[in-house]
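We did not get these values from a lab; they are worked out from the coordinates using the rules stated. Nothing here was measured: the structure is a model prediction, and the numbers come from that model.
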Amino acid sequence: ARDDTLPPATPVKLALGCSDKLIHVLDCDSGEELVTLLGHTGELSHALFGGGGGAGGEISPDFLVTVAPTKPHSKNNEIIVWDAGKGQMHQLLSAKGSCLSCAFSKDAKVFAMRTGECLVAYTCGGASGSDFAIEELAA
């Protein structure tokens, strides 16, 4: 029996990138496509949801960071921060070198990306809504 006094579970989401440069966000339980995001100039290489981190999980589970090589003819990356729940691009950044890997810290307060040229780290700020952003840490 379901206890209706408990908040509903946050759906598990999956972000898929295709050669059409679209990002499809799916509900893993139902398979339903929740939103389609458009913003990258190249094919998606990495996608990470950053929610659930920090004390009390204050970062929304709808915040998504995606990475794609910039096109045409560039070895840099576009990094886009999305509010996937609203289907809105939040922030556009760039990083040198092709992305080899990326991850959030366990508390979701730092996003790091390793490229062929360097390691770039970003602080994640703002709890929710329009104030969530990532900012490059000084070297």
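Numerical summary
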| read-out | value |
| --- | --- |
| Gain on full stretching of the segment that runs from residue 123 to residue 103 - 0.36 nm per residue minus C-alpha separation | 6.0 nm |
| Gyration tensor (alpha-carbon) shape descriptor, segment 68-116, a/c threshold 1.5 | oblate |
| Out-of-range pairs (alpha-carbon distance over 23 Å; input 71/109; 21/96; 13/96; 21/75; 13/86) | 71/109; 13/96 |
| Extension gain, residue 110 back to residue 24 (0.36 nm per residue minus Cα-Cα distance, nm) | 28.5 nm |
